[in-house]
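First the structure, in the form of structure tokens, and then the observations on it.
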Amino acid sequence: MIEIHGLTKRYGDRTVVDDVSFACRPGTVTGFLGPNGAGKSTTLRMICGLTPPSAGTATVAGRPYRDLPNPGRRVGVLLDASAHHPGRKGRETLILSAMTIGADQSRVPELLDLVGLDATAGRKRVRAYSLGMRQRLGIAMALVGDPEVLILDEPANGLDPEGIAWMRRLLRGFADRGGTVLLSSHLLTEVEALADRIVVIRSGRIVADGDKDTLLAGTGTLVRAQDLDRLRRALRDGGLEPAPTADGALLVSASLEDVARLAAAAGVVPTELRAANGNRLEQLFFNLVDPAVGATS
Amino acid sequence: MTTVESSLRLRLESAGRAPSLPRLTLVELRKFLDTRAGLWLLVAIGLVSAAVIVVTLIWTPDEDQFLGGYFADSILVLSLLLPVLGILLVTGEWNHRAALTTFALVPKRGRVSVAKIAAGGAAGLGATVVSLGLASAATGVAAISGGADWSIRWSHVASAALLLVLSVLMGIAFGMALLNSALAIVVYFFLPTIWAVLGSAIPALRTAAEWLDTGQTMPALFAPDVTAGSWARLAASVAVWVALPLAIGLLRVGRREVS
């Protein structure tokens, strides 16, 4: 369980995270989505007690993170896959974490195996690791205390497609066994495939928060016409907010019927009219995060 | 209660307790050894101490060949090099953002700092023992070639241990106050030296230097007569060069945002 209320971070007069609230329940995966610089990492660091918030509170497993007596046994954290001493061997890095929190060190080889790092990789120094290997080591570090909550910042970064599929299965299994997962990403497809719940952040503010299915249901209707400007005017006059897609269609949060009726009333012939699907979340994401991209096309 | 139940109970108990200071200190001691840079620094420190003893063994006149003499030589070298170990123990975390991992596991940062200080103290004592071992080996070698003089003043051994512990702590203090390896090493070597030069060059500063230059107050422990004044001067210099940066460092480490 993770609960955050009104979390805010200001640096001087710049507000990086602005009144962010949401909760992550056991048994679910929450995708924390936003473009680079939206405040995702700062929010996660505040949850983990590494960055003091300017306002607001965050609790993990019922307590502020810094008040957990031995947080490594309750919460697995991966904030930066590269945040290890490069001169230390992968296996040794994991042993140090296990030692610190009093976790069973005999599980270390098993954990390395679980994240797909073999004995040879474990004996290499972290300096020689690719980003993908560092992510795998980071996930092993997060799992070493057998936690009930996972907080992962961009865990899919640097993983190949096979690695991403592996991580998806791992996190899904973790949540299905009753664990709570909060992971951030700017890779939309990654979150769409995995998350039960999606929180979208933009310029430090939450712009969407809900069940994945509910959010995606709101993506509505895709419509295309030769006279796109007239269609857009017709839809706007009808009180809708059409958002252009990258390939020259319009995306409208309305039913097929409403869109068809408005088009017909304006005498516009749609060349395509269907329920939006495909990269649904991507459209949602761009609509929410950067409406300016659509407005000029 | 079955074995499974008792092991589960044990697991839950250890899960609920904060990592103990001895445990954290062991982790910090392990960090001295488990990186290539740390290991080589230790090997280099050992080799240089041994080399200095060998030089003494070969080129120093016979009347200076004795256990206490070899020991004093190696301590001199160790007191110069061990602080670097202390600096790196602290700054290594921040240079590589490893602090992000460390403080996620132990959010009470003061405990990590105390563990580092304890590990530094242990390293200082360990170095004293190693130094004594090297000096004994040298005396053994001297015995083969004729005269072996096993004399040593045990008060000097105690003073040496104190000196080495203080040197490592001074390194840790500079590391914590500056949180950057290169900067801390440069400042550590230059600031006290500049102070020593100024102290000896400017007459008005001479009295202050007697109290605040560790280059004067620390060797005073090895003088024939160690007076209450020597201890007072040592305490004053330690307050300025160890306690003050340590206090600043503890505050900085406690407050600094890890990113």
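Summing charges over neighbours of A:Val144, with a neighbour being any other residue whose Cβ is under 10 Å away from its Cβ, gives 0 when K and R count +1 and D and E count -1. Of B:Arg255, A:Arg172, the residue with the largest accessible area leads and the full order is B:Arg255, A:Arg172 (1.4 Å probe). Largest GNM mean-square fluctuation across B:Ala208, B:Ala228, B:Ala118, computed for chain B with C-alpha springs under 10 Å, falls on B:Ala228. Charge dipole (Cα centre; +1 on Lys/Arg Cβ, -1 on Asp/Glu Cβ; no other charges) of the range B:3-255 amounts to roughly 1460 debye. In this Cβ point-charge picture (+1 for Lys and Arg, -1 for Asp and Glu), chain A has a dipole of about 920 debye about its Cα centre.
Summarising the amide proton neighbourhood of A:Val17: residues at separation of 5 or more, or on other chains, whose placed amide H is nearer than 5 Å comprise A:Lys9.
For the Cα atoms of chain A, what angle does the longest principal axis make with the long axis of helix A:161-176, in degrees from 0 to 90, nearest 10? Relative to chain A, helix A:161-176 is tipped by roughly 80 degrees.
Of all lysines in the structure, those lying under 26 Å Cα to Cα from A:Lys40, and not within fewer than 8 positions of it along the same chain, are A:Lys9, A:Lys212, B:Lys108.
Express in whole angstrom the spacing between the alpha-carbon centres of the range A:63-80 and the range A:1-62. About 14 Å separates the Cα centre of the range A:63-80 from the one of the range A:1-62.
Rounded to the nearest 20 debye, the dipole size of the range A:65-110 about its Cα centre is 40 debye, using +1 on the Cβ of Lys and Arg and -1 on the Cβ of Asp and Glu.
Computed over protein heavy atoms with a 1.4 angstrom probe, the accessible surface ordering of A:Ile2, A:Ile206, largest first, is A:Ile206, A:Ile2. Look at the stretch B:31-39: the mean tally of other chain Cβ atoms within 10 Å of its residues' Cβ atoms is 4. GNM on chain A, alpha-carbon springs under 10 angstrom: the most fluctuating residue among A:Met46, A:Met99, A:Met141 is A:Met99. Largest GNM mean-square fluctuation among B:Pro107, B:Pro192, B:Pro203, using chain B with Cα springs under 10 Å: B:Pro203. Here the label points at A:Arg25 and B:Phe190, each 7 Å from Cα along the C-beta direction, are separated by 6.1 nm in the simple model. Taking the charge dipole of the protein assembly as shown about its Cα centre, with +1 at Lys and Arg Cβ atoms and -1 at Asp and Glu Cβ atoms, the residue from A:Ala119, B:Ala209, A:Leu7 reaching farthest to the positive side is A:Leu7. Inter-chain Cβ neighbour count for A:74-87, averaged per residue, equals 5 (cutoff 10 Å, partner chain atoms only). Near A:Ala263: Cβ cut-off under 14 Å, other residues only, Lys/Arg at +1 and Asp/Glu at -1. The net charge is +1. Close amide-amide hydrogen proximity is noted between A:Ala225 and A:Thr271, each under 5 Å apart and 5 or more residues distant or on a separate chain (H modeled in the peptide plane; Pro and chain starts excluded). Here's the list of lysines a cross-link from A:Lys124 could span, going by alpha-carbon distance under 27 Å and ignoring same-chain residues fewer than 8 apart: A:Lys89, B:Lys31, B:Lys116. Any chance you could give the angle, 0 to 90 degrees and rounded to 10, that helix B:67-95 forms with the longest Cα principal axis of chain B? Taking Cα atoms only, the helix is inclined about 30 degrees. Taking the centroid of alpha carbons for each part, the range B:228-259 and the range B:143-198 are 16 Å apart. The DSSP beta bridges internal to the protein assembly as shown are antiparallel in roughly 65% of cases. In plain terms, the chain from A:Asp13 to A:Ala265 could stretch by 85.7 nm, reckoned as 0.36 nm per residue minus the Cα-Cα distance.
The values are calculated or read from the model by the stated rules, or taken from the named source; none is laboratory data. All of these numbers come straight from a predicted model, not from anything done at the bench. With ideal geometry, Cβ positions are generated from the backbone for all residues, glycine too; neighbour counts draw on all protein chains shown. Ligands, DNA and RNA are stripped out before the accessible areas are found, and what is left, the full protein with its side chains, is counted by its heavy atoms. Shrake-Rupley method; radii C 1.70, N 1.55, O 1.52, S 1.80 Å.
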